[in-house]
Each structure stands twice: as structure tokens, then as C-alpha cells.
Amino acid sequence: MSGSVELLLDLTLPELEARLREWQQPAYRARQVWDWVYKQGATQFAQMTNLPVALRERLAAEFTLTPFEPVAEHLSTDGQTRKLALRLADGEIIESVWMRYETRESVCVSTQAGCAMGCAFCATGQGGLRRNLTAGEIVGQVLAFARLLAPQSRVTNVVFMGMGEPFANYDAVWKAVSILMHPAGLGLGARHIVISTVGLIPGIRRFAQERSQVRLAVSLHAPDDALRDQLVPINRAHPIGPLMDAIRYYVNLTGRRVTFEYALIAGVNDSPEQAQALAALLRGLPVHVNLIPLNPVAGSPWRPSPRDRVRQFQATLEERGIPCTVRLGRGTDIQAACGQLRARTLQPDV
């Protein structure tokens, strides 16, 4: 945030308690503020009526509760997916998505404005990386949907699968996770949070050392280096062999299952032989594969694999003992599906 005004969402509860102690305020005041923000959905300090007026005024002078301004909202035709375009304080625009399932209300958050990974089939990376988000800018995306859902429902799951590479912004992402899980706030369970990476090995190894039950997903998309170099350019720095070593390190340290995301592209990575190679690569590990028929991206010549090809690929994996599901795109009609986020709002020619 600009000037001397800080984003309160950037602070953990202990950090806020320390700040208020500096102001000669009792520690319980911080919990009152957190209750207003994370449980009651307050967007202004003036709403916090159980705080002394002088404290509310000082909080308002030194902090802001709003990291962005919503500039566009799109609802899918089935009403089960909603996308928000959010303008940050410096003018950058990010996108976040809410998805309703039978048993959960899931929010997909962005961790960067843009992305530097340059995956060939992903719209986000086409504009390059603008900057990292702060922890509060990440948390704020969840709160935005929490307020939209209240009081009828609440956010139950958060997936770090929006714009950006989470492990390229590790400190802010992990701080956001700790804030989202804190019982005095939203109280999300670790198993209801998923962090997805294209395969940054140092991030995976560091994440393993957290020994958390937060779930790990890896965007693989190819069973060999030659093809993955084309689809996921970071593979040239983090090739499949060392990547799988990092995955084994994660599994050995945590005992947790790993999800692999695999976007099926017609005639590119969807052959029976490639399914066999993928099964061989993952054999012996506790894994689950999400097969995702490619979601269309403007300007790309690639198309999703046809339905019979998807079924054949799935069957080949399952025959070899690799559990997998086909994840159909949610919100494709509003460009909210996997790989489609690009923050086109106010940038129609991009």
C-alpha cells in the first residue's frame, strides 16, 4: 500500500497484538479486530462498535482493510462459478474465482499479478509477471467471496491455482495460509487448502519441511523432458528427474499424497504411449492425477483432447494402478477455468 497506510490483512494475529501493545492497548483488542474482519466481514473500522472511538480512529488513520477495488464480476450461466476482477492499490488487476460444488464452496486465489512461468497453454503468463502479491492481498481475495456468500454459506476450501506461481512468492503465500487457518479468523482446515506449483523444486522441498497437512498439487502436463520443455518452460531449470526426487522427498517427509495436474491437449500429450509413460513415472508414489481437457485460450492453436481420447488416457492410467479423475472445466464461459485467468478487464486489446 502507498504512503504510511498499511494493509491490516498483511498482519498475523500476533503481529497485530504486538502493534496494539505498542499503542498501549490490551492484547484482546487485536482479537476483537480480527473477529470483525474475519468473522463479521467488516470493511471499515467504524463498524467495530465494541472498540473505543479513539482506537477506531487511529486504526483508520494507519491501516486500510481493503487491498483492492472490484472492477468487474462475471457469473457463469449455471450460476456455480463467479469470477472477480480486482484492481489493486497500484492499479494492477488480478482475478479470483469462486466455485460451488455439492459439499464445498471453493475459492481460487491469485498469488502474483501476472506470471513469469510462461506455460504455453496458459493465458496468465502471456503478459509476463508484474509483481508478487502480499499476504494480505491474497487473503483479501478469500474475504471478498466470504462476504458475498454470507450469511447463507461460507468459504470451505481455498486453492492456490489462480494467477501466478505460488512457490515463486513463497513467504507471502505461506503467511497467507497461516492467516487463513487461524482459528480466530476464518479457521480453514489445512486439508481444505491446496497449493499448486508448476514444479519449483526449492519450493517443494521447503514446503515439505513445513510438515503441514496443506495439500500439494504439481502441474506436470507431460511425461518426458522434451515435451515438458515446450509446454512448461521452467522444466529446463527444473527437469522431471530432479522434480520427482523432490516429490519423493516431500512424500517421505510428510506421508502426504500428491496431486498431479495434467492438461490433455489433442495430438500433443494425450497418446496411449504417453499415458503409459506417465504411469511409469508415478508408479510407487501416493498420487492422484487430475486429467483436465485443455480449456481454450484465445490465440492458441491447441484444442482439448476429444472425449474418447480422454477416457482412453484415464483407463490406461487406472489399469496401471494410478488413481485419476477427469476434471471438467468450471466457468469456461466466463474465462474462469484452469489456465484462462488473464485479467483482461480494462485491457481489452491485451
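None of the figures in this text is laboratory data; all of them are computed from the coordinates on show. Owing to the predicted nature of the structure, the values given are computational and were not obtained by experimental measurement. No Cβ is skipped: glycine too gets one built from the backbone with ideal geometry, and neighbour counts run over all protein chains shown.
Computed over Cα pairs, the Kirkwood radius of the stretch 6-64 leads via Stokes-Einstein (1.567 mPa s, 4 °C) to a diffusion coefficient of 115 µm² per second.
The stretch 1-70 and the stretch 217-292 have Cα centres lying 43 Å from one another. The Cα-based radius of gyration and maximum Cα-Cα distance (Dmax) for the chain are 21.0, 69 Å. For a label point 7 angstrom out from the Cα of residue 225 toward its Cβ, which stretches of the stretch 281-309 have the backbone nitrogen within less than 18 Å? The answer is 281-282.
When the helices of the chain are scored as -39500 (n - 2.57) per DSSP H run of n ≥ 4 and the total is divided over every residue, the value at 222 nm lands at -9500 deg cm²/dmol.
Spin-label pair residue 23-residue 104: with each label point 7 Å from Cα along the Cα-Cβ axis, the two points sit 3.6 nm from one another. Spin-label pair residue 80-residue 245: with each label point 7 Å from Cα along the Cα-Cβ axis, the two points sit 4.2 nm from one another. For the stretch 88-334, the dipole from Cβ point charges (+1 on Lys and Arg, -1 on Asp and Glu) about the Cα centre works out to 560 debye, to the nearest 20.
Full extension of the chain between residue 12 and residue 273 gives 89.1 nm of extra length, using 0.36 nm per residue less the Cα-Cα distance.
Largest GNM mean-square fluctuation among 252, 269, 157, using the chain with Cα springs under 10 Å: 252.
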